[in-house]
1. Would you please name the residue that is surrounded by the most Cβ atoms within 10 Å (Cβ to Cβ), looking only at residues in the range 310-367 that are within 23 Å of Val220 (Cα to Cα) and aromatic (Phe, Trp, Tyr)?
2. Looking for something closer than 22 Å to Glu360 by Cα and either of a type in the set (Asp, Glu) or touching a Cys at 6+ places or on another chain (Cβ under 8 Å) (or both) - is there at least one such residue anywhere in the range 324-333?
3. Just name the residue that is farthest from Lys198 (Cα to Cα) out of those in the range 252-283 that are out of contact with any Asp or Glu (no Cβ under 9 Å at 6 or more places or on another chain) and open to solvent by less than 10 Å² (accessible area, probe 1.4 Å).
4. Run Ser224 past the list (1) part of a loop (DSSP other than H, G, I, E, B); (2) crowded, with 16+ Cβ neighbours inside 10 Å and report the number of the one that doesn't hold.
5. Determine if the range 170-177 includes at least one residue that is polar (S, T, N, Q), open to solvent by 60 Å² or more (accessible area, probe 1.4 Å) and closer than 29 Å to Asp275 by Cα.
6. Return the pairs, sorted by first residue and then second, in which the second residue is assigned to a helix (DSSP H, G or I) and among the polar types (S, T, N, Q), the first residue lies in the range 216-227 and is within 17 Å of Val276 (Cβ to Cβ) and at pLDDT 95 or above, the beta carbons are less than 9 Å apart, and the residues are 6+ apart or on different chains.
7. Any residue at all in the range 243-254 that is of a type in the set (Asp, Glu) and farther than 19 Å from Ile315 by Cβ?
8. Checking Arg238 against (1) more than 30 Å from Met372 (Cβ to Cβ); (2) out of contact with any strand residue (DSSP E or B) (no Cβ under 9 Å at 6 or more places or on another chain); (3) not in a loop (DSSP other than H, G, I, E, B), only one condition comes out false. Which one?
Amino acid sequence: MSKNYGKFIGLKGVHMKNILVIVPHLKEGGGLTEFVRHLYTGLVNNKSYHVVIITEATLPETRIPKFSDKIKIIKAPAVTKIKDYVNFWNRVAHNSNKYDYVHFHTDSLTKFYPYFVMRNKENVIVHSHSSTNERITKNVIKRMLHKIGKRIVHKGKFKKFACSNFAAKWLFNDDSYIQVNNAIDLEKFKFDKNQRKKIEEEFNLKGKTVYGHVGRFLPVKNQSRVVEIFAKIYSLDRDSVLFFFGEGGERTQVEYLVKSLGLEDVVYFMGFRQDVNRFLNVLDWIIFPSLYEGLPITLIEAQANGVNVLFSDTITTQVKLLETSKSFSLSEDNSVVADRMLHVKLETNKRILACSFLKEKGYDLNDLVQDMHEFYSTYDHAGWNRKTIYEVKEN
């Protein structure tokens, strides 16, 4: 990479913003990946930007989504190849001043060396996208490494970004930070009654209450709890069905639970789909009992469509953008949760208004692209206050 690195810096004779983006991994359908893909695609398509993405790892059995041809993707050496890893990040740090900004998008600080070598740079952003990570909290060595990383970030000259208050706490403790909303393409998720009718006919859902969950089948997503809550709902209302969207290692276990409860005829496993936005039109509820999250983009998308959202209290209340969204405690009995949902009056006719509410709250991707462009374009951010980006001071 060393002999070719310079050609990724920018285009000769053209005034462009050069942004180096660093992510821990890329995976199709992942919230962090999709945020990065949509933001930087918007910048390279609508502004004069040259973007290079460094991905630290390629996860097994995951697909990498297609990025714009205008975005260059580089794979960093694995941390286990210590010499290559150190040399690579030393070169990145040496070249970092050739970029307007170096922007780390991450969910942990266990791999702290890149932050260490860039700790005194004025143009480096650390952006937190998660509120915790069980692989770290349950491992003594990883906890120690994460703590070292937090210390480096706290002492360094980094600009600190986070998608929520919980995410900021995870990486920055009580340091001041800048909140960047997980904005989406609102028009893509706007409620469409014609699509609702088509899917109702395709799956014979007329007169049914449709529940759903969107996400990879991982322990943190807690899909078994979705099934358990739905089982109580179904025992009280036989006109109920459940849709799962996503793949992952825990899917087989969840399918077994569905079969053991005799629900296989009313639970649909749809796998990974590119058109989840279309199916949101037929959902009445999203059940989201995650053990932790930063601020899940899935729930922003669901609320843009006007879907009623039930989310666990381990997720920041900042995700509640509509009055129809409700929080529940993971310690609550499934029967209590189910009964509460069944007593909510569903009002499909108001769903068309949801997008305008989310735009007012700063969750429009077009606004985010413009706000990030303005941020990247100046080093003087005093009094920064845009639609999707705002300073939060912690004590």
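The values are calculated or read from the model by the stated rules, or taken from the named source; none is laboratory data. Quick caveat: nothing in here was measured; it's all calculated off a predicted structure. No Cβ is skipped: glycine too gets one built from the backbone with ideal geometry, and neighbour counts run over all protein chains shown. In case anyone asks, the SASA skips ligands and DNA or RNA and just uses the protein heavy atoms, side chains included. Shrake-Rupley method; radii C 1.70, N 1.55, O 1.52, S 1.80 Å.
1. Residues of the range 310-367 within 23 Å of Val220 (Cα to Cα): 310-321, 325-338, 341.
Now narrow it down to the ones that are aromatic (Phe, Trp, Tyr): 311, 328.
Working: Phe311: 24, Phe328: 18.
Looking at the filtered set, the residue picked out is Phe311.
2. The answer is no; no qualifying residue exists.
3. It comes out as Val254.
4. Of everything listed in (1) part of a loop (DSSP other than H, G, I, E, B); (2) crowded, with 16+ Cβ neighbours inside 10 Å, Ser224 misses just condition (1).
5. no
6. These pairs meet every condition: Phe217/Gln223; Phe217/Thr252; Phe217/Gln253; Gln223/Gln253.
7. yes
8. (3)
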